[in-house]
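The values are calculated or read from the model by the stated rules, or taken from the named source; none is laboratory data. Just so we're clear, the structure is a prediction, and the values are computed from it rather than from any experiment. Note: ideal-geometry Cβ built from the backbone for every residue, glycine included; neighbour counts use all protein chains shown. Just so you know, the surface numbers come from the protein's heavy atoms only, side chains and all, with ligands and any DNA or RNA stripped out. Shrake-Rupley method; radii C 1.70, N 1.55, O 1.52, S 1.80 Å.
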Amino acid sequence: MQDGFDLIVIGAGPGGYACALRAAQLGLKVACAERRATLGGTCLNIGCIPSKALLQSSENFAAAAGHAAEHGILIDGLRLDLARMQARKQEVVTANVRGVEFLFRKNKVTWLKGSARITAPGKVTVDGQDYTARQIVIASGSDSLTLPGVDVDERQIVSSTGGLALAEVPGHLAVIGGGYIGLELGSVWRRLGAEVTVVEFLDRLVPGMDLEVARAFERVLARQGMKFRLGTKVTAARVGNDGVTLTLEPAAGGAAETLRADIVLLAIGRRPVTDGLGLDEIGVARDERGRVKTDEHYATNVPGIYAIGDVIAGPMLAHKAEEEGVAVAELLAGQAGHVNYGVIPGVVYTWPEVATVGRTEEELKAAGTEYKTGKFPFTANARARAMGDTDGFVKILADARTDEILGAHIIGPDAGTLIMELATAMEFGASAEDVARTCHAHPTLNEAVKEAALAADGRALHI
Ligand code: FAD
Ligand code: NAI
């Protein structure tokens, strides 16, 4: 038995490592158990970071192949070196995971290498070695959901992990699931030359996002050559010499048909990882979807055991996990850690990007909230025209009575960066008029945000 820790965190993803770092900053003696060979969790190793590296590279390639000519830049003999692109992706990942290792050393967080199991409140075993801690935080994250009849082999039928590591551009990539992963990775391979067909169960893409934005997103991606089979479910996948044959059925019922693909990417959501943690033995309660149940202070039903990130309820996003990691560390150190769940942005890093924060129009309608809408298209924004990126619009939803911003949704260039102006405004309880009266630099994309805020009051200037 080793000396006791104040805190053992299980999992070194953005939730767990942020929790460990913040707790160490606040003076606690902290260890973090991680069984992967590198720190950083799903996000840094097989999620956010490698996907954004490939999105950036493939966007550069697509711009060189298409967009550049519009700017008078003519490139002869353009070729793709996919091996180099993949190697660069790995370099980006390595730099990031080493960064977390450096931060652990700097803050004196002990990395317990191996698989952790909680044997009792305050007791954790990591690969056979026993440790004690006053508090335990579970941050074990999530893994890809599986689909009966579609067996992932990470060669021809891949999860996001295999989909990030393809050594060749597939002739035809079929994507099951029109959510974040399907559309980001579908975009990567489409830009590099694959034919891409997205099969989505619902009659829309990116469920949970504002419907008007989702419909615009579908049109833009279709113009980029992505094909969609909405309202369709996959019931079987057969791997043969000729690639993979999927059986498709209308979600509403009807005759089945087949779709042939070279590679199939299964991206229908993620499930919490709790296996091997010993939760049943010590009686940690989970909900109907297998997520660890917590109260508003991240406490489970077992005293001294807390949980954060993808393994608990809420959006499965790295920044949500990180905020919770910091909040629980502060609570354990006697401070008032808190996460504002009303203002958690979500971004799909395609081009154009799609970004959301707060309530959607559908949610406001369902809640019976009276609201007004301010919209402004990038076609009327000078900077977007100069960039040659005029697809999309900014949409602001404000309370009809008080003018408080209730939600904001953007499809357009750098939408993921632009949304933060509105997220910050919402954090301060701002009205649309507050944003409209803020002097915005010219010419910037943010002027479209200001104009949408003006439009909420019927007084946009440039349209
Ligand atoms: P994770 O990052 O999953 O980390 C959990 C860690 O715990 C893992 O490293 C695991 O090995 C470890 N672990 C589990 N059990 C044990 C155990 N018993 N003992 C020891 N270690 C254990 N989110 C965004 O916000 N932006 C994005 O751009 C984005 N892109 C993504 C792209 C892809 C392809 C994927 C798959 C996900 C993406 N996400 C993105 C989601 C994001 O990765 C997750 O929301 C985030 O990683 C969750 O953080 P976490 O700390 O809860 O868990
Ligand atoms: P998702 O929940 O975003 O999308 C899954 C899609 O699959 C949904 O549209 C759903 O309706 C559909 N679906 C479910 N079952 C189906 C079936 N049987 N047949 C056809 N379609 C089906 O999940 P995804 O894309 O797997 O990503 C998982 C999570 O990872 C995301 O929800 C997000 O939280 C996170 N992520 C975030 C990113 C970002 O922030 N940019 C990028 C990638 C992932």
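One table, with the values for the structure above:
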quantity	calculated
Relative contact order (%) - criterion: Cα under 8 Å, at least six apart; region: the chain	15
LYS365 paired with ALA255, simple spin-label distance in nm, labels 7 Å along Cα-to-beta-carbon	3.4
Distance between segment 173-188 and segment 293-315 - C-alpha centres, whole angstrom	30
³J(HN,Hα) computed for each position of segment 385-393 - Karplus, 6.51 cos²θ - 1.76 cosθ + 1.60, integer Hz, glycine/proline x	5, 4, 6, x, 10, 9, 5, x, 7
Pairs beyond 29 Å (Cα-Cα), from LYS123/LYS320; LYS52/LYS372; LYS52/LYS293; LYS89/LYS123	LYS52/LYS372; LYS52/LYS293; LYS89/LYS123
Share of alpha-carbon pairs per 20 Å distance bin for the chain, given as whole %	23, 52, 25, 1
Net charge of neighbours whose Cβ lies under 14 Å from the Cβ of ALA400, counting Lys and Arg as +1 and Asp and Glu as -1	-3
Segment 41-100: trypsin sites (Lys or Arg not before Pro) in DSSP coil with no more than 12 other Cβ atoms inside 10 Å	ARG79
Dimensions (Å) - segment 343-455, Cα atoms, principal axes, largest first	40, 29, 21
Pairwise FRET efficiency - LEU82 versus ASN241, Cβ, R0 = 25 Å, nearest 0.05	0.60
Residues whose placed amide H lies under 5 Å from that of PHE228, excluding near-sequence neighbours	VAL198
Long-range amide H partners of GLY278 with built H, under 5 Å	ILE118
Over segment 343-455, relative contact order from alpha-carbon pairs under 8 Å, at least 6 apart, %	31
Segment 35-93 versus segment 272-291: alpha-carbon centroid distance in Å	37
Cα gyration tensor shape of segment 157-268, rounded if a/c is under 1.5, else prolate or oblate by comparing a/b with b/c	oblate
Nearest-10 value in Å² for the accessible area of TYR371, using the 1.4 Å probe	50
Phi-based couplings in Hz for segment 234-249 (Karplus 6.51, -1.76, 1.60; Gly and Pro marked x)	9, 10, 7, 9, 10, 8, x, 5, 9, x, 10, 10, 9, 9, 10, 9
Segment 297-305 - phi-based ³J(HN,Hα) in whole Hz, Karplus 6.51/-1.76/1.60, Gly and Pro as x	10, 6, 7, 7, 6, 9, x, x, 10
Residues with amide H under 5 Å from that of ARG134, placed H, sequence gap 5 or more	PHE5, ASP6, LEU7
